[in-house]
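Reading through the structure tokens given below for one structure.
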Amino acid sequence: MRQADLPIVDIAPFIHGDAAARAGVGRAFGHAFETTGFAVVVGHGIPERLANDVYDVMKRYFAQPFAVKSRDAAPEKTKGRGYLPVGIESVARTLQGETPPDLCEALVFSAPHRAAQSARPNIWPAEPPELRGLVEAWRDAILRLTGQLTELSALALDLPQDYFAPWFADPALTLRFVHYPDQAEPPMPGQLRYGAHHDYGGLTILRQDAAPGGLEVADRDGNWFEAGVVPDSFVINVGDLLARWTNERWRSTLHRVSNPDRGLTGSSARLSMVAFTAPNELSEVACLPSCCDAANPPRYEPVKAGEYILSKLRASMDLTARA
């Protein structure tokens with residue numbers, strides 16, 4: 001399969017540069033989302049050592065027996081916290097109806113924002129003991145990056161740099177560490193590590209590894225391309241809520257995680273570290289003023305951010321998809 005030509009955007013000049021440098025990064029950032037809906041971000045300033053330490057502790061977590069990991073499962077899986085085993089989710093259901101479950105397991109945490117913390121507390125595994133400290137350090141780093149990307153987004157959308165501050169003063173942030181195990185048995189027909197889907201919220205921030213069977217992105221004609229791995233980078237893409245917010249000026253692009261080649265020898269297990277960003281759950285999302293005019297009126301009615309994302313999450317879950 002051909003490799004996708006995803007735009008690479010160095011955001012260091014935005015973080016450290018003057019107004020002209022920030023404007024240049026804003027143009028590149030906006031162009032990426034208007035054309036492909038994806039960007040590969042470098043120059044982000046998150047220490048490589050921290051990323052590697054989090055990656056290593058998550059590999060150790062998922063290597064534990066299922067009986068140990070299942071102790072960290074939430075009583076209600078749509079709460080979106082704790083351990084999610086293989087076989088309970090199919091993200092392609094949000095688009096295609098009945099589809100096989102995805103071939104992945106996950107460990108999920110939220111940032112401590114007020115709307116979610118009391119109702120959906122995090123579930124912290126006992127082992128490995130250093131996991132919680134590393135996840136909290138990663139969360140803080142991702143929250144800083146989210147703030148920078150939020151300001152950069154405003155600039156790219158012809159808005160004041162602090163425009164999104166009210167929506168992101170208490171943001172919704174979900175950290176999802178996804179393990180794609182070796183596939184000892186052939187997948188069912190149509191079954192993937194993660195089915196074809198759109199993300200649900202704002203910007204998704206992904207740090208992927210280079211193991212076989214990875215992220216694939218569809219173009220406007222439905223052709224699939226592999227998303228290559230750029231060292232020390234994040235793959236950023238637009239979710240449905242942000243596409244609505246921008247009146248589809250920014251694209252929410254179809255993507256999936258493919259199965260590894262069954263002819264490969266050795267391990268093909270994969271681990272991705274994903275952050276799903278969104279405005280505060282209680283905030284209203286309506287068309288941005290820079291994304292509509294008399295010739296291009298708003299395409300969507302306003303929605304509550306949390307309700308919209310939760311409806312998508314419920315549709316992806318096996319036990320609730322038919323409710």
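The values are calculated or read from the model by the stated rules, or taken from the named source; none is laboratory data. This one's a predicted model, so the numbers in the text were calculated from it and none came from an experiment. Every residue, glycine as well, gets a Cβ built from its backbone with ideal geometry; the counts of neighbours run over all protein chains shown. Surface areas here come from the heavy atoms of the whole protein model, side chains and all, with no ligands, DNA or RNA. Shrake-Rupley method; radii C 1.70, N 1.55, O 1.52, S 1.80 Å.
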Return yes when R262 is within 30 Å of P302 (Cβ to Cβ), open to solvent by 40 Å² or more (accessible area, probe 1.4 Å) and more than 16 Å from the chain's Cα centre (by Cα) and no when it is not. no
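Rundown of residues vs (1) in contact (Cβ under 8 Å) with a residue 60 or more places away in the chain; (2) farther than 22 Å from M58 by Cβ; (3) under 17 Å from the mean Cα position of the chain (by Cα); (4) in a loop (DSSP other than H, G, I, E, B), yes/no style:
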residue: Q183; (1), (2), (3), (4): yes, no, no, yes
residue: G190; (1), (2), (3), (4): yes, yes, no, yes
residue: I205; (1), (2), (3), (4): yes, no, yes, no
residue: D209; (1), (2), (3), (4): yes, no, yes, yes
residue: V217; (1), (2), (3), (4): yes, yes, yes, no
Residues that are under 17 Å from R251 (Cα atoms) and either free of Cβ contacts under 8 Å to residues at least 40 places away in the same chain or surrounded by fewer than 14 Cβ atoms within 10 Å (Cβ to Cβ) (or both): does region 16-25 have at least one? no
V230 vs (1) out of contact with any Lys or Arg (no Cβ under 7 Å at 6 or more places or on another chain); (2) buried (at least 19 other Cβ atoms within 10 Å of the Cβ): all pass except (2)
Among the residues of region 140-179, write down those that are in contact with a Leu (Cβ under 7 Å, 6 or more places away or on another chain), under 30 Å from V257 (Cα atoms), open to solvent by 10 Å² or more (accessible area, probe 1.4 Å) and outside any helix (DSSP H, G or I). H179
Tally of residues being modelled with pLDDT of 95 or more and not hydrophobic (A, V, I, L, M, F, W, C) across region 202-215: 3
Is it the case that some residue within region 198-207 is farther than 29 Å from L152 by Cβ and not aromatic (F, W, Y)? no
Of (1) open to solvent by less than 30 Å² (accessible area, probe 1.4 Å); (2) touching a Leu at 6+ places or on another chain (Cβ under 7 Å); (3) at pLDDT 95 or above, Y55 satisfies every one except (1)
For Q64: the one exception among (1) at pLDDT 85 or above; (2) open to solvent by 30 Å² or more (accessible area, probe 1.4 Å); (3) within 23 Å of I142 (Cα to Cα): (3)
Selection from region 278-301 of residues in a loop (DSSP other than H, G, I, E, B) and open to solvent by less than 60 Å² (accessible area, probe 1.4 Å) yields P279, N280, E281, S283, A286, C287, L288, C292
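On the given criteria, is L254 of a type in the set (A, V, I, L, M, F, W, C), out of contact with any strand residue (DSSP E or B) (no Cβ under 6 Å at 6 or more places or on another chain) and closer than 30 Å to R144 by Cβ? Before the answer, list the steps.
Numbers: of a type in the set (A, V, I, L, M, F, W, C): yes; out of contact with any strand residue (DSSP E or B) (no Cβ under 6 Å at 6 or more places or on another chain): no; closer than 30 Å to R144 by Cβ: yes.
When the stated conditions are applied, L254 does not pass them.
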All but one of (1) surrounded by fewer than 18 Cβ atoms within 10 Å (Cβ to Cβ); (2) out of contact with any Asp or Glu (no Cβ under 9 Å at 6 or more places or on another chain); (3) part of a helix (DSSP H, G or I) hold for A243; state the number of the condition that does not hold. (1)
